[in-house]
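Quick notes on the structure that follows.
The values are calculated or read from the model by the stated rules, or taken from the named source; none is laboratory data. From a predicted model like this one, the values you see are computed outputs, not experimental measurements. In this analysis, Cβ positions are derived from the backbone assuming ideal geometry, glycine residues included, and neighbour counts consider all displayed protein chains.
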Amino acid sequence: MGLKSKRSVATGVGAAIAMTGLKITLQSGPGNHYDTGPRPIRYSGTSALMDEQRVSVDTTCELVERAKSGDSDALNRLFARFLPSLRRWASGRLPRWSRDLMDTDDLVQETVVRAVKRIDRFESRHEGALQAYLRQAIVNRIRDEVRRAKRSPAPAVLDENASDPGASPLEAAIGEEALQRYEDALARLRPEEREAIIARVEMDGSYQDVAQALGKPSADAARMAVSRALVRLAQEMSREQV
Amino acid sequence: MSRSDAAVLLKLAESIADGSAVDWEAAEASASHDDKPVIRQMRVLSGLAVLHRSLPKESIAGLDASFARRDVAAPAIGNWAHLTLVERLGGGAFGDVYRAWDRNLERHVALKLLRADESDGDLSASRIANEGRLLARVSHPNVITVHGVAVHDDRVGLWMELVRGTTLEQQLAANGPFSAREAAAIGIDLCRALAAIHAAGLIHRDVKAQNVMRADGGRIVLMDLGTGRDASRIMRQGVPEMAGTPLYLAPEIFVGSPASARTDLYSLGVLLYHLVSGSFPVRAITIDQLKKKHAGGEFVGLRDARADLPTAFVRVVDRAIAPEPAKRYASAGALEADLVEALGEPIPVREPKSRVAVGKARRNIVWGGTATFAAVAIVVLAAMGLRWLPIFSGGPIRSIAVLPLANLSGDATQEFFADGITEQLIGNLARINALRVISRTSAMRFKGTKLSLKEIAKALNVDAVLEGTVQVAGDRMRISADLVQVSTDRHVWLESYERDVRDMLALENEVAHSIAEGIKVKLTPQEQAGFAVSAPGARQVSPAAQEAYLQGRFFWNKRPPDALRQALEQFQKAEAIEPTFALAYAGEADAYSLLSGPLTADVAFPRAKAAAQRAVQLDPALGEAYTSLAFIAFGYDRDWKQAEQRFQQAIRLNPGYATAHHWYGVFLSAMGRFQESEAEFLRAKSLDPLATNIRASFGDMLYMARRYDEAIAELRPAHDLDPSAQNPYRNLARVYLQKGMIREAEAEIAQGRRIGPYANLEVEFARLTAMKGQRTEALRTLSILESTGVSPFEIAPVYAALGDVDHAFELLRRAERERRGALLWAKVQPDLDSLRSDPRFNSLLQTLGLSQ
């Protein structure tokens, strides 16, 4: 990036960012102001109109296809759809104070850009799959970052016994080992199960959102799918432990 | 009941998915045997779901801004060679200065770049290049480090170390005049910087408050040699240039004399004058006026500029700025020595003639590396008014530093063999109660040092230094050792041994025993027996296992969780190589104990205990193992009686083990037995003088004992020992706040934040805002902190300060449930005082077995 990329021809993901100034816009706050297309995408769980959902789902697959072929507008719309929840989610996964929120944003955004670059390897079944794919890309990236960040702040209190300032909120909440067990078990689930858990438990989507993301007919169906997946996951996790 | 009840599980899963509450204990209790483990995992999932739901919905703009780390994401403003320009920091006389990112070495640097329109002329270009060349000759912690100079895209760039901090001039403007003590401490650092510059044959010529940075870690850095000139060239050419800032210039410069080391020292004198008074000795508005005043000998003595300064300090500054060059200090070393004395501390070496010798020796030091850093740090410690070295005499030897034995095998892989022998030797000698033996961590800092034995002994405060060599050829090894009494330069004991490699352990014993006899130290019968070759537990350990163990301790001493994990790996590796190697298990136990935060106490401590018990089983005489057990009894079992017994047993078995004294001191401070605690800390410090952990814990103990000024004195030098560590900022801020010193606390928090975000620092920020009456701000910070998993014990006092006593107690109870380690200080921690009269506090203490 920097001076040179601005001069380069406006193709590909890098150019899209350089041209729209997306990076800076995203940092300025939440909101949807880069979603400038003629038809704003609705991503709130409040609407229950089936046809509207259909439109949305179709749009996601379409957007992925268009982004693959280098359409910067499509990419921006995908960002608008996924970044807010991914950023929020990542704030729970990053070592607690090793980064402030701005860095989290950078990391998430950069990772999503890279992941979308490789998106030809991704088969767009439905939105939930894309969400899970992007989430995994960030998990991997965080793992790399943590590995790289050799210097973590020293323990806090009286030298010993301090809680670990290098741990993520999630690690602090459930412990490092439990988190690892969770991740391992999650990876062994079937894709739909995994996606259901990610959409509801991790991304805190409404059942309506989950239904939309997984292509389920109703919020209730989504609720059942999530619950069943949770049972499966807990079984996997307990198996792991033995 | 069926083996597994799918409906029950599904119901629980729905509750997790919905986010409704579940009584997990009841659920698990009533479940079938097969379902219990699944339900336990569901409980984990429930915690995970709760955490995700609790994450802040949108970016927390306020907190974000308060961290002030916006610069990290600042967009690049261009490239130059391998550097990415991130931010313009300012403009110097000859160009612009940028913060830049070195893409090759992945680090931030400061880049001085000549403006494009000016770089056509050779003169300007060569000026920057010249500055680089000059600076590159000097390598000193108090002089900015130059990384390189190059011409690229027709622009000349000089890149150097990026010092984050403020200039002394900025600090003066912000905080007003410095105290004499602080100025003297800065002066000492600058003397060392100038000594290095002068030794390289250079003259700085522009020593002034704007050119000295105080880095965030407290390091003093002399910058900008832009007008620096090669002394020899000036001598040859005799060009009296008026470079530099006039008010700092020595009078002889105005009448055409060349700049010299003495004129640099004059400028330093003016700088010190300026720091304490905000003014200048010769005050003028124009150069002409300045010249006239110098010519007329008009100047304001420091005493007249500020009446309350200590006489000793005034005398030093007045001598440094004497109008006649001959009356001034002849060398930076001489000025430094007087500044040290002016600080009012006992001076280490005070034979009248030695001062010149010390000055000379200093110039011969090869600067750079940890040894230098340690030496500098020690000077700073001395400056901070700490207990300091006694006057040396040729008396008995009661303290020894064993320097790392040099590996003469010509084979780098034997390095750890040599280190292993050093370790064993230290270990054997440390068992002698009447002898103080410096621990390996402090001694290892002097590996490969160019410092003289005297300087090392001074830094470690020991009577004698043992140095030696190890050589291995085939299965033969030769050890030579030389014990030097420092005060007299006397070789007390000098021996050479050649043995079979397999007899290493016996030989180490023999060497230690023979040293003990050589210095006539009194051995107890048990100690005598310990030197018997066939002592129980004495076992030959393979060099590979030894190496892994030493590596483990190296990482362990660093303390951050990443390092502790590496330590754990090494200890386990040592165990794999040598399954009966007791020390390795003690190391494993200690690594787990300190990992109780990240792994949670219930996971980490049981593993620690298992390892420690194995260590004791393997070697019942191992003090290290009892130390591990004691710490577990204290930190996890909360069995105070057992903890104390084991600490004492550990110290009986190995009186020279610094960690035993350190942790015992920590334990005693939590029990409120400060006097005993202090004695343990002083012992730990004398055994391991350079350990930052011990110093930090000691500072905290002083805080708990409400000896705030001493705590500050103890904690402040921590910045110098490890500028990258954040807890010193937090701990200092905490003490300042307890003293009501808001401004100082604010400064610590701001400096700590520059290193990176750190939850406990934000706890102090919340406390600060609470104290300033900014209730909403304080509550906002607290609520964010609460959602990030910071120990509830940390934030409880802040809620108490805000008047929300109920919530404070709720948090304390939560900390108790989670077995948070810091809670062990509930009995003594000053910021909990407002809660002590509440009956709930008493019952908390009772639960902990810490009743008042």
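Values as computed for the structure displayed
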read-out: Cβ-Cβ under 6 Å pairs, at least 6 apart or on other chains, the range A:68-87 side under 22 Å from A:Ile198 (Cα atoms) and assigned by TED's automatic domain parsing to the domain that holds A:Leu134, far side crowded, with 21+ Cβ neighbours inside 10 Å and among the charged types (D, E, K, R); value: A:Arg87/A:Asp105
read-out: Hey, B:Ser267 closer than 19 Å to B:Ser331 by Cβ and at pLDDT 90 or above or not; value: yes
read-out: Within the range B:1-23, considering residues that are part of a loop (DSSP other than H, G, I, E, B) and of a type in the set (A, V, I, L, M, F, W, C), the one farthest from the other protein chains (Cβ to nearest Cβ); value: B:Met1
read-out: From B:Gly740, B:Gly752, residue being farther than 24 Å from B:Ile784 by Cα and free of Cβ contacts under 8 Å to residues at least 60 places away in the same chain; value: B:Gly740
read-out: Total residues in the range B:566-624, condition away from chain A (no Cβ under 14 Å), within 23 Å of B:Glu423 (Cα to Cα) and in contact with a Phe, Trp or Tyr (Cβ under 8 Å, 6 or more places away or on another chain); value: 18
read-out: Residues located in the range B:705-752, provided they are assigned to a helix (DSSP H, G or I) and among the polar types (S, T, N, Q); value: B:Asn727, B:Asn731, B:Gln738, B:Gln751
read-out: Residues satisfying the stated conditions in the range B:763-777, i.e. over 21 Å from the mean Cα position of the chain (by Cα), part of a helix (DSSP H, G or I) and of a type outside the set (Val, Ile, Thr); value: B:Phe765, B:Ala766, B:Arg767, B:Leu768, B:Ala770, B:Met771, B:Arg775, B:Glu777
read-out: Candidates B:Lys522, B:Lys573, filtered to the one that is at pLDDT below 90 and basic (Lys, Arg); value: B:Lys522
read-out: Top-ranked residue of the range A:213-228 - restricted to ones that are assigned to a helix (DSSP H, G or I) and more than 8 Å from chain B (Cβ to nearest Cβ), ranked as surrounded by the fewest Cβ atoms within 10 Å (Cβ to Cβ); value: A:Asp220
read-out: One residue from A:Ala185, A:Ala167, A:Ala196 being within 11 Å of chain B (Cβ to nearest Cβ), more than 15 Å from B:Val44 (Cα to Cα) and modelled with pLDDT of 90 or more; value: A:Ala196
read-out: Candidates B:Ser442, B:Ser409 - the one that is in a helix (DSSP H, G or I) and among the hydroxyl-bearing types (Ser, Thr, Tyr); value: B:Ser442
read-out: Scan of the range B:815-837 for residues that are of a type in the set (D, E, K, R) and surrounded by 15 or more Cβ atoms within 10 Å (Cβ to Cβ), ordered by number; value: B:Glu816, B:Glu818, B:Arg819, B:Arg820, B:Lys827, B:Asp831
read-out: Residue in the range B:782-793 that is within 13 Å of chain A (Cβ to nearest Cβ), polar (S, T, N, Q) and touching a residue at least 60 places away in the same chain (Cβ under 8 Å) present; value: yes
read-out: Among (1) at pLDDT 85 or above; (2) part of a helix (DSSP H, G or I), the one test that B:Arg236 misses; value: (1)
read-out: Matching residues, the range B:703-732, being farther than 17 Å from B:Leu832 by Cβ and aliphatic (A, V, I, L, M); value: B:Ile712, B:Ala713, B:Leu715, B:Ala718, B:Leu721, B:Ala725, B:Leu732
read-out: Enumeration of residues in the range B:610-638 that are out of contact with any Lys or Arg (no Cβ under 8 Å at 6 or more places or on another chain), free of Cβ contacts under 8 Å to residues at least 60 places away in the same chain and closer than 20 Å to B:Ile651 by Cβ; value: B:Ala612, B:Gln613, B:Ala615, B:Val616, B:Glu624, B:Ala625, B:Ser628, B:Phe631, B:Asp637
read-out: Test: residue in the range B:684-694 that is modelled with pLDDT of 90 or more, buried (at least 23 other Cβ atoms within 10 Å of the Cβ), closer than 22 Å to B:Arg440 by Cα and of a type in the set (Gly, Ala, Ser); value: yes
read-out: Residue within the range B:800-821 that is basic (Lys, Arg), within 12 Å of another protein chain (Cβ to nearest Cβ) and under 28 Å from B:Ala643 (Cα atoms) present; value: yes
read-out: Within the range B:458-468, tally of residues that are farther than 22 Å from B:Gly420 by Cα and in a helix (DSSP H, G or I); value: 2
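Results for (1) at pLDDT below 75; (2) touching a Phe, Trp or Tyr at 6+ places or on another chain (Cβ under 8 Å); (3) within 17 Å of B:Asp224 (Cβ to Cβ), shown as yes or no for each residue.
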residue: B:Phe67; (1), (2), (3): yes, no, no
residue: B:Arg70; (1), (2), (3): yes, no, no
residue: B:Gly92; (1), (2), (3): yes, no, yes
residue: B:Asp117; (1), (2), (3): yes, no, no
residue: B:Leu123; (1), (2), (3): yes, no, no
residue: B:Ile128; (1), (2), (3): yes, yes, yes
